[in-house]
1. Pick from region 66-88 the residues that are farther than 15 Å from Ala19 by Cβ and assigned to a helix (DSSP H, G or I): which of them is modelled with the highest pLDDT?
2. Condition test on Phe51, is it modelled with pLDDT under 90, surrounded by 18 or more Cβ atoms within 10 Å (Cβ to Cβ) and either closer than 17 Å to Leu11 by Cα or in contact with a His (Cβ under 9 Å, 6 or more places away or on another chain) (or both)?
3. Being in contact with a Phe, Trp or Tyr (Cβ under 8 Å, 6 or more places away or on another chain), at pLDDT 95 or above and of a type outside the set (D, E, K, R) is true for just one of Leu18, Leu60. Which residue is that?
Amino acid sequence: MDPRIEGARDLILAIFRLAVADYLGLAFGHDGPGPARRTRRAPYAGQAGLFLASAWARYLADLIGLEASAILREARNLAAEGVPARVSQPVMAA
């Protein structure tokens, strides 16, 4: 695979990981998930939800072969169940 394509895919995945982490109110490091640490579920949760439901999310997910609706649905399920130790699993299953 072309390194540019792989880099672009990784960047888009990182955007979704950060959006899901913000939606759930979890800390997420630049080098991957750490232990689940709650953050203040401040203004970002609403903005992350708006992004995950947006046309931009659908477009970006389509570029890398994912469905934004599935990511949002999984984030909502995780939020309803309580947050697991690692939240990157659903997004990484591409």
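The values are calculated or read from the model by the stated rules, or taken from the named source; none is laboratory data. This one's a predicted model, so the numbers in the text were calculated from it and none came from an experiment. FYI the Cβ positions are ideal-geometry reconstructions off the backbone, even for glycines, and counts take in every protein chain you see.
1. By that ranking, first place goes to Asn77.
2. Taking the combined requirement at face value, the residue does not satisfy it.
3. One residue alone meets the criteria, Leu60.
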